[in-house]
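> Submitted below is the structure of interest, expressed as structure tokens.
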Amino acid sequence: RLWVLATVIDSTTRAYDRFIAPLTDADRAQYYEDSKAMAQLFGIPASVMPATYADFCAYVQHTIDETLTVGPQGREILDALFNHPLIGWLGRLASWAGIGMLPERIRAGFGLVWTQQDEQRSLWLAGITRRLRPYIPNILVIHPQAWAGELRYWLANRRRAAA
């Protein structure tokens, strides 16, 4: 469970940094601290969570470098998603930015190619999204369930503080 949450935390901060706005080290550390509450919701004991953001980064890097592999089942799933005769192109398109953020070794394990031209397109798209984001209302870019979760979290903390 920890690895699943770690991928969410890592991917979120990397995508935000690239496509929305640069994050400071303090922003990343605060996001990680806030994510520890999510860990409890997933049933991950506090003792299992890396203590600091630096420890978390070391855990992610170690897992990518030493533990994570791409096996036959992973390649079969990717093949089923990306090579479906009717909607495979849609899966590839929807996954394009994420493919670019994968570690090179993992991308290669899936047989995915990311060219310098792809990287340039990604940077171009990131520049556009960074310029446009301040003009797009939050209601259009934040999932309603995320709003609801924030509200529940805020209300629970408020009740705790009042008790």
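The values are calculated or read from the model by the stated rules, or taken from the named source; none is laboratory data. Small disclaimer: the values here were computed from a predicted structure and weren't measured. Please note: Cβ atoms are built from the backbone with ideal geometry, for glycine as well, and neighbour counts cover all protein chains shown. The protein model used for the area step is the full one, side chains on, heavy atoms only, and it has no ligands, DNA or RNA in it. Shrake-Rupley method; radii C 1.70, N 1.55, O 1.52, S 1.80 Å.
> Report, by residue number, each residue of the range 8-24 that is surrounded by 14 or more Cβ atoms within 10 Å (Cβ to Cβ) and either in a helix (DSSP H, G or I) or hydroxyl-bearing (S, T, Y) (or both). Please lay out each step first, then the result.
So in the range 8-24, the residues surrounded by 14 or more Cβ atoms within 10 Å (Cβ to Cβ) come out as 9-10, 13-20, 23.
The answer is I9, D10, T13, R14, A15, Y16, D17, R18, F19.
> Would you mind finding the one in I87, I128 that is modelled with pLDDT under 95 and of a type in the set (V, I, T)? Walk me through it before giving the result.
On the way: I128 fails: modelled with pLDDT under 95.
Answer to the check: I87.
> Something else now. Quick one: what pairs do we get from the range 27-51, first residue touching a residue at least 12 places away in the same chain (Cβ under 8 Å) and closer than 11 Å to L2 by Cα, second open to solvent by 70 Å² or more (accessible area, probe 1.4 Å) and acidic (D, E), C-beta under 9 Å, 6+ apart or different chains?
Sorted first by the residue in the range 27-51, then by its partner, the pairs are M49/D55.
> Right, next: Please enumerate the residues belonging to the range 109-163 that are among the hydrophobic types (A, V, I, L, M, F, W, C), exposed (fewer than 10 other Cβ atoms within 10 Å of the Cβ) and closer than 30 Å to P72 by Cβ.
The answer is V113, and nothing else.
> Could you tell me how many of the residues in the range 72-103 are over 23 Å from R18 (Cβ atoms) and either assigned to a loop (DSSP other than H, G, I, E, B) or in contact with a strand residue (DSSP E or B) (Cβ under 8 Å, 6 or more places away or on another chain) (or both)?
5
> While we're on this one: Mind listing whichever residues of the range 138-163 are closer than 17 Å to Q40 by Cα, more than 18 Å from the chain's Cα centre (by Cα) and among the small types (G, A, S)?
Residue satisfying the conditions is A156 alone.
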